[in-house]
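First comes the structure, then the notes that go with it.
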Amino acid sequence: MYYSTMKVAVLTSGGDAPGMNAAARAFIRRAIWEGYEAHGIYHGYEGLLAKEIKKLTSRDVGMIINQGGTFLGTSRSERFKTDEGRQEAADILKAKKIDALCVIGGDGSFRGALNLSEVYKGQIVGIPGTIDNDIPGTEYTIGFDTAVETAVWAIDKIRDTALAHGRLFLVEVMGRNSGQIALSVALSCGAEDVVIPEEKNNIEGMVKRIREGREKGKRFGIIVVAEGHDEGGAIKLAQTMEKDYGLESKVSILGHIQRGGTPSSYDRVWGSRMGEAAVRFIKNQYTNVFTAMKGGQLVPAYLKEAVSGIRTVEPEMVQLVRIVGS
Ligand code: F6P
């Protein structure tokens, strides 16, 4: 009797996140341990369309667990967003006899995976990898912990100069349309306030709180601003505050520094756990699911849930930042 070896492949897609390497490494090694043939697809969906697919050994993923970025490379593919692009990708996977595909990425990558499942007959499993931690259905996405640590490290330095000069600083952090990074960073830095997309019309209240703080003797201030908030980023917000309220501030945009660097042990642990779990889900014949953290446990959740919107923030967290930063 002839049994063909199960062939699995992994790709990273969208914004890179620290810990993606740990996840891909665990996926490849667990797959090989299981007796599967493991493949890496380079440069995300764009690389899939370019047939950048390579069979990998356990040794090929050595020495990467401590590296930021993703050894597979990544992309934001416009071609894959089209029906023709996805059909082409499905044809390539079929021709390469890939039985199951693991996609490590954020909500956009998961949406792409779900759409691919309409034309690709193999199994699809996702691993949530984005610094934003904004995916519904999971309490954690790989990369968030490291990104928050990096932003906190940077703001601790900004605070020194803010204090020396008695200045107000608006520090912009990443997070697209989500305030998750901003909230954790603000709380960790002892920021006076936080501006997030989930909360509308915040400026007047914020200015009032800053003035009250000054009356109470506060000489400087840090406000953490999520890039995707209504007022259009920290620069625009600073201009509005000066023009409409006569309040001067300095702006610091942390940007992509938050995406890079050595992954924290938390991201390595959860990257490894999720990478390994993805192979188990494949073995159990699951498809269109992702490795989710629910109640601190690792469970399968439907990709449909992950693309249903933005994970909501806890309003208590916003309140907490203001109470402890007052
Ligand atoms: O999704 C991760 C993220 O870093 C967001 O926080 C940010 O808005 C976006 O990616 C930036 O994307 P790019 O690197 O493509 O400009």
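All of the numbers you see were taken from the coordinates with simple rules; none came from a lab. As the structure is a computational prediction, the values presented were derived from the model and not from experiment. Virtual Cβ from ideal backbone geometry, glycine too; neighbours counted across all protein chains shown.
Less than 12 Å Cβ to Cβ from Q67, Lys/Arg counted +1 and Asp/Glu -1: what total charge do the surrounding residues give? Within the 12 Å Cβ shell, the charges total 0. Taking a straight Cα-Cα cut-off under 22 Å and skipping sequence neighbours fewer than 8 places away in the same chain, the lysines within cross-link reach of K81 are K51, K94, K96, K121, K304.
Treating each Cα of the range 145-259 as an identical point scatterer and summing with the Debye formula, the log10 of I(q)/I(0) at q = 0.16, 0.20, 0.21 Å⁻¹ comes to -0.65, -1.05, -1.16. Show log10 I(q)/I(0) for the chain at q = 0.11, 0.14 Å⁻¹, two decimals, from a solvent-free Debye sum over equal Cα scatterers. Log10 I(q)/I(0), no solvent term: -0.69, -0.98. Pairs of Cα atoms nearer than 8 Å and 6+ residues apart set the relative contact order; for the range 91-163 it is 24 percent. For the pair the range 176-239 / the range 65-120, the C-alpha centres are spaced 37 Å from each other.
Using the Cα gyration tensor of the range 122-163, with a ≥ b ≥ c the square roots of its eigenvalues, what is the shape: rounded (a/c below 1.5), prolate (a/b larger than b/c) or oblate (neither)? Walk me through the numbers before you get to the answer.
On the way: a/c = 5.95, a/b = 3.80, b/c = 1.57.
Cα axes put the range 122-163 in the prolate bin.
For K200, the aspartates and glutamates whose Cα falls under 20 Å of its own Cα, not counting residues fewer than eight places away in the same chain, are D132, D134, E172, E192, E227, D230, E231, E242, D244, E314, E316.
For the range 12-110, what class follows from the C-alpha gyration tensor (a ≥ b ≥ c being the square roots of its eigenvalues): rounded when a/c is under 1.5, otherwise prolate if a/b is larger than b/c, else oblate?
Working: a/c = 2.21, a/b = 1.28, b/c = 1.73.
Oblate shape, in that a/c is at least 1.5 and b/c is the bigger or equal ratio.
Net charge within 14 Å of G205 by Cβ-Cβ distance, Lys/Arg positive one each and Asp/Glu negative one each, not counting G205 itself? Intermediate results must be reported in sequence, preceding the final value.
Numbers: positive: K200, K208, R209, R211, R322; negative: E192, D193, E199, E204, E212, D230, E231, D244.
With Lys, Arg at +1 and Asp, Glu at -1, the net is -3.
Scanning residues 5 or more positions from I253 or on other chains, those with amide H under 5 Å from its amide H are E172, with H placed 1.01 Å from N in the peptide plane.
Let me check I've understood the local charge: for S326, count other residues with C-beta under 14 angstrom from its C-beta, Lys and Arg +1, Asp and Glu -1. What total comes out? Walk me through the numbers on the way to the answer.
Details: positive: K208, R209, R211, R214, K216, K218, R322; negative: E192, D193, E212, E215.
Local charge sum for S326: +3.
Ignoring aspartates and glutamates fewer than eight residues from K54 along the same chain, the ones with Cα atoms less than 19 angstrom from its Cα are E34, E37, E46, E88, D91, D99.
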